[in-house]
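Colleague: My questions will all concern the structure given below.
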Amino acid sequence: MSTLSTIAFIGGGNMASAIIGGLLRQGLAAGQIEVVEPFEAARAALKEQFGIQARPEASAALARAQLVVWAVKPQTFKEAAAAVAPHTGNALHLSVAAGITTESIAAWLGSERIVRAMPNTPALIGQGITGLYARPAVDAEARALVEQAVASTGKHLWVEEEAQLDAVTALSGSGPAYVFLFLEAMTRAGVEMGLGAHQSYQLAVATFQGASELAARSSEPAEVLRQRVTSKGGTTHAAISHMQQAQLPEQFVAAMRAAEQRAKELAKEFGR
């Protein structure tokens, strides 16, 4: 398998920075990384944090890139592609732009060697999970390069159908916000029950961390783990019963389906 030697980023924001930081920790040199970032403040941050001299616009320097990572906003992808495409005909392309299909990207770039990714924000601390889909022209060697690029951001998994990335978006891409919403609610409840705000937040965060780790280490499904904590007539049973009577699980599934639908709509809004 080939080893990643040169990489370019179109867009130098948070997700690009997370991948760049990981690559540098893996041993890639700053000189092996090209970044195109139109905003001066973002370029200055890349210089200060990583020693990378980002460029304000696409140039022939991109031609050396083995892999091009697209970390741009969906609404600016098509315009950016028009400027970059003349320099990256031989590159493998990895898009982390939400909602933009590989069909649109292939048309804009004139290339079939495209992988689409859906990361999530815990990638910023190396604890994320990224869903990946590759077009048929992407071989095993190219997949390995993509895996190397995202390895330091956390875990990854491949899906066989691109449409499945909409579900990945709804589940793990948007998922951290669901966790933060529950942390807000649990903290508020703790305060209302007489704890301090900091105490409540500490307890809530540690509970999510511990429960998630327990689930990750267990071979049993979440339903069984939940039942083991829920003694009939006990405090947990009272809480779970209240949530079920309010149809919270059904409403939560419906909310995630809304996120999935929005992912589909983004493709139509910003695609070709």
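Colleague: Using the scaling law 2.2 N^0.38 Å as the reference, what is the normalised Cα Rg of the stretch 7-161? Display every interim value, and only then the final one.
Modeller: Working: Rg = 14.1 Å, N = 155, 2.2 N^0.38 = 15.0 Å.
Its radius of gyration relative to the 2.2 N^0.38 Å reference: 0.94.
Colleague: Highest first, please rank the peptides 193-206, 227-240, 152-165 by the mean number of other Cβ atoms sitting within 10 Å of their residues. The partial results should precede the final answer.
Modeller: Values: 193-206: 13.3, 227-240: 11.5, 152-165: 15.4.
The peptides rank, most packed first, as 152-165, 193-206, 227-240.
Colleague: 222 nm [θ] for the chain, helices only, -39500 (n - 2.57) per DSSP H run of 4+, per residue, to 500?
Modeller: Helices in the chain give a 222 nm mean residue ellipticity of -16000 deg cm²/dmol.
Colleague: Relative contact order, percent, of the stretch 175-267 when contacts are C-alpha pairs under 8 Å separated by at least 6 residues?
Modeller: Dividing the mean separation by the residue count of the stretch 175-267 yields 12 percent.
Colleague: In percent, what relative contact order does the chain have, based on Cα pairs under 8 Å that are 6 or more apart in sequence? Mind showing how you got there, number by number?
Modeller: On the way: 401 pairs, mean separation 44.3, N = 272.
Here the relative contact order equals 16 percent.
Colleague: Find, to one decimal place in angstroms, the Kirkwood hydrodynamic radius of the stretch 169-272, where the mean of 1/r is taken over every pair of different Cα atoms and then inverted.
Modeller: 16.1
Colleague: Still on this structure: Defining a contact as two alpha carbons under 8 Å apart and six or more residues distant in sequence, what relative contact order in percent does the stretch 1-59 show?
Modeller: On the way: 71 pairs, mean separation 20.6, N = 59.
Relative CO of the stretch 1-59 lands at 35 percent.
Colleague: Note down the nm distance, to one decimal, between modelled labels 7 Å out along Cα→Cβ at Ser212 and at Tyr178.
Modeller: 1.3
Colleague: Which residue fluctuates the most in the chain, going by a Gaussian network model with Cα springs under 10 Å, if the choices are Val179, Val168, Val69?
Modeller: Comparing Val179, Val168, Val69 in a Gaussian network model of the chain, the most mobile one is Val179.
Colleague: If you don't mind, another one. Could you give the dipole magnitude of the stretch 7-161 about its Cα centre, charging the beta-carbon of Lys and Arg +1 and that of Asp and Glu -1, in debye to the nearest 20?
Modeller: That gives a dipole near 220 debye.
Colleague: Next up: If amide hydrogens are placed 1.01 Å from N in the peptide plane, which non-local residues have theirs closer than 5 Å to the one on Leu94?
Modeller: For Leu94, whose amide H was placed from the backbone, the distant partners under 5 Å are Val68, Val69, Trp70, Val115.
Colleague: Projected onto the charge dipole of the chain (+1 at Lys/Arg Cβ, -1 at Asp/Glu Cβ, origin at the Cα centre), which of Ala134, Thr169, Ala16 gives the Cα projection farthest towards the positive end?
Modeller: Ala16
Colleague: Each residue of the stretch 55-66 in turn: what ³J(HN,Hα) in whole Hz from Karplus with 6.51, -1.76, 1.60 and θ = phi - 60°, glycine and Pro shown as x?
Modeller: In residue order, the calculated couplings are 9, x, 8, 5, 8, 5, 4, 5, 4, 7, 6, 7 Hz.
Colleague: Determine ³J(HN,Hα), in whole Hz, for all residues of the stretch 85-102 in sequence, where each value follows from phi through the Karplus function 6.51 cos²θ - 1.76 cosθ + 1.60 and θ = phi - 60°; x replaces Gly and Pro.
Modeller: Result, rounded to whole Hz: 3, x, 9, 10, x, 9, 8, 8, 10, 10, 9, 10, 7, 5, x, 7, 6, 5.
Colleague: Based on the Cβ-Cβ distance of Ala30 and Ala255, what FRET efficiency does E = 1/(1 + (r/R0)^6) give at R0 = 35 Å, to the nearest 0.05?
Modeller: Details: r = 42 Å, r/R0 = 1.19.
Efficiency at R0 = 35 Å is approximately 0.25.
Here, each number is a calculation from the coordinates, and none is a lab measurement. For clarity, every value in this text was computed on a predicted model and none was experimentally measured. All Cβ positions, glycine included, derive from the backbone under ideal geometry; neighbour counts span all protein chains shown.
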